[in-house]
Amino acid sequence: MSIFDLHVHTRRYSGCSFIQYEEIIDQAVSARLDGLALTEHGMRWPDEQFENLRLAASARGIVLINGQEIHARDARGRSEGEYLIFGVNRSMTKEKTASELVEVVHDEGGIIIAAHPYKLSRGGRSRYYGAGDLIYT
Ligand SMILES: [Zn+2]
């Protein structure tokens, strides 16, 4: 069995994170993870920067995956939740509906996962910060 954390942000590219990217490998080793995925908000790590980090992680026995987390919105700008995306080799825009994101990611051979679908919203208009029941449609 391998244990991965598939949802990691760094302070470098995500305002919600307090961890510097230089620390993530030590943290992963301490937590006895086999690997982790960087899933920054609205972007994918640039290939050259990511490759340096991947090599450093690999030298410590940690598999590093370059993903991204995209916030989907409907045509009126209402949240349709956040999604983790793997296997798409470019940063995706934030201006897509959830169904458009699923279609684009699948067309490009990637994987899309609803991030924290039932995380409760903190005072927003929608009940959930994540996809909520949209995961069933
Ligand atoms: Zn996140």
Report task. Inspect all residues belonging to the stretch 80-89 and state whether any of them is more than 16 Å from the chain's Cα centre (by Cα) and over 27 Å from SER2 (Cβ atoms). Result -> no
Requested in this report: Take ARG11 and decide whether it is of a type in the set (Lys, Arg) and either surrounded by 15 or more Cβ atoms within 10 Å (Cβ to Cβ) or more than 16 Å from the ligand (Cβ to nearest atom) (or both).
Outcome: no
Query raised in the report: Can you name the residue in the stretch 41-63 that is part of a loop (DSSP other than H, G, I, E, B) and under 18 Å from ILE85 (Cβ atoms) and, of all such residues, is nearest to the ligand (Cβ to nearest atom)?
Result: GLY42
Requested in this report: Pick out the one residue from HIS116, HIS106 that is touching a residue at least 24 places away in the same chain (Cβ under 8 Å) and either out of contact with any Phe, Trp or Tyr (no Cβ under 6 Å at 6 or more places or on another chain) or within 16 Å of the ligand (Cβ to nearest atom) (or both).
Outcome: HIS116
Report task. Go through the stretch 6-33 residue by residue and tally those that are under 11 Å from LEU64 (Cβ atoms) and not small (Gly, Ala, Ser). Result -> 5
Report summary line: Residues in the stretch 20-35 that are under 23 Å from ALA114 (Cβ atoms) and either among the small types (Gly, Ala, Ser) or touching a Lys or Arg at 6+ places or on another chain (Cβ under 7 Å) (or both) total 1
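Only the coordinates and a few stated rules stand behind these numbers; no lab work does. Just so it is clear, the model here is predicted, and its values are computed rather than measured. In this analysis, Cβ positions are derived from the backbone assuming ideal geometry, glycine residues included, and neighbour counts consider all displayed protein chains.
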